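Only one structure is covered here, and it is reproduced in the block below.
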Amino acid sequence: MVRPRAGPPPRSRRHAVIPRPPRSSDPTAAEASAWADVLLRRRLVHAAVLAPTGQWLIQARPDGPVRVLDGPADVVALAATIQHHTRRPEIR
């Protein structure tokens with residue numbers, strides 16, 4: 001009789017990336033604002049300000065340059081990029 005091995009699964013099994021279906025609509029200003037709040041609360045950006053023109057001003061560090069994002073879609077894309085980089089497993 002073969003006994004099952006205790007412990008975590010072997011490292012050769014990697015988590016598959018499941019592609020998500022494309023969005024059915026463009027991100028809204030409310031969605032961009034929610035993501036900006038998350039980035040600020042988690043201290044992943046230093047500042048995120050919605051300008052009267054609908055553009056977003058983003059500063060990663062207090063002494064860093066200010067990036068101008070054109071609208072909600074760019075804020076959501078930035079949040080996705082940051083999330084991807086923070087969740088990416090370390091390469092050994």
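The values are calculated or read from the model by the stated rules, or taken from the named source; none is laboratory data. This structure is a prediction, so every number in the text was calculated from the model and none was measured. Here the Cβ is made from the backbone with ideal geometry for all residues, glycine too, and neighbour counts use every protein chain on show. Just so you know, the surface numbers come from the protein's heavy atoms only, side chains and all, with ligands and any DNA or RNA stripped out. Shrake-Rupley method; radii C 1.70, N 1.55, O 1.52, S 1.80 Å.
Summary of computed values
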item: Whichever residue in region 38-76 is under 20 Å from Arg23 (Cβ atoms) and open to solvent by 50 Å² or more (accessible area, probe 1.4 Å) and, among such residues, is farthest from the chain's Cα centre (by Cα); result: Asp70
item: Of all residues in region 17-49 being touching a strand residue (DSSP E or B) at 6+ places or on another chain (Cβ under 9 Å) and in a loop (DSSP other than H, G, I, E, B), the one that is nearest to Arg87 (Cα to Cα); result: Val45
item: Subset of region 55-67 (residues that are within 20 Å of Ala80 (Cα to Cα) and of a type outside the set (Phe, Trp, Tyr)); result: Gln55, Leu57, Ile58, Gln59, Ala60, Arg61, Val66, Arg67
item: Unmet criterion (only one of (1) surrounded by fewer than 17 Cβ atoms within 10 Å (Cβ to Cβ); (2) more than 21 Å from Pro22 (Cβ to Cβ)) for Thr81; result: (2)
item: Any pair with Cβ under 6 angstrom, 6 or more apart, that starts in region 39-52 at a residue that is farther than 16 Å from Val76 by Cβ and ends at one that is exposed (fewer than 11 other Cβ atoms within 10 Å of the Cβ); result: His46/Arg61; His46/Pro62
